[in-house]
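Remarks on the structure that follows.
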Amino acid sequence: MIDIPPIIHTEQFKAENELLDYAQKLFIHDFIDYPPKLLSKEIKTRTEKMSNGYYRTFWHIVTEGNHLENDKVDTNRLERLPWINPIIEGQPDPEWWLWKTKRGKDDRILIYSKKYKYLIVIDERNKDVVFWTAYPVIYPHVERKLEKEYLQYKAKSPT
């Protein structure tokens, strides 16, 4: 069982920029300074910064929608940032589903828990494995879609 760390308690920050600075420092620690490994393979992270000063991948985690620089921060997504690295590092784990899928031409690795209703998305690009995003699954139809996809993957996979 993976030891899930506590969420970031957003109410302890006086201003959103303080919260974002704290969260981005955690992101830098967990993904750039000490990148996680998924089944012994190091997960890379895109390191481009946006003009608002935040890493593009970080911004993708903490916003919803198009993830543009002026998009509103989704605290539901941001507060779970500390979970991502331990979940990736903790695979395989019976509480978390792990499977491969396609999105367009890209191969993706998905990690999902019904208990935590949380999804991590990782891209496979040539020989690299690149962290893409992570977010809580809040809609039942999305959870049903993930479960169906996982069960189809398991049915095709050799046991």
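The values are calculated or read from the model by the stated rules, or taken from the named source; none is laboratory data. Computed from a prediction, not measured in an experiment: that's the story for all the values here. Quick reminder, even Gly has a Cβ in these numbers, built from the backbone with ideal geometry, and neighbours come from all protein chains shown. In case anyone asks, the SASA skips ligands and DNA or RNA and just uses the protein heavy atoms, side chains included. Shrake-Rupley method; radii C 1.70, N 1.55, O 1.52, S 1.80 Å.
Looking at S113, S40, which is the one that is open to solvent by 40 Å² or more (accessible area, probe 1.4 Å) and small (G, A, S)?
Going through S113, S40 in turn, just one is open to solvent by 40 Å² or more (accessible area, probe 1.4 Å) and small (G, A, S): S40.
Can you name the residue in the range 46-95 that is among the aliphatic types (A, V, I, L, M) and more than 15 Å from the chain's Cα centre (by Cα) and, of all such residues, is modelled with the lowest pLDDT?
It comes out as L68.
Just one of (1) in contact (Cβ under 8 Å) with a residue 24 or more places away in the chain; (2) open to solvent by 50 Å² or more (accessible area, probe 1.4 Å); (3) within 22 Å of E48 (Cα to Cα) trips up K127, so point out which.
(1)
Looking at the range 1-33 only, could you name the residues that are open to solvent by 40 Å² or more (accessible area, probe 1.4 Å), touching a residue at least 40 places away in the same chain (Cβ under 8 Å) and more than 18 Å from W59 (Cβ to Cβ)?
M1, D3, P6, I7, H9
State yes or no: is E143 open to solvent by 50 Å² or more (accessible area, probe 1.4 Å), modelled with pLDDT of 95 or more and of a type in the set (D, E)?
In short, no.
Quick one: would you say I120 is at pLDDT 95 or above, touching a strand residue (DSSP E or B) at 6+ places or on another chain (Cβ under 8 Å) and assigned to a helix (DSSP H, G or I)?
No; evaluated as a whole, the condition is false for this residue.
Return a yes/no flag: does the range 19-36 have any residue that is closer than 30 Å to P92 by Cβ and hydroxyl-bearing (S, T, Y).
Yes, the conditions are met somewhere in the range 19-36.
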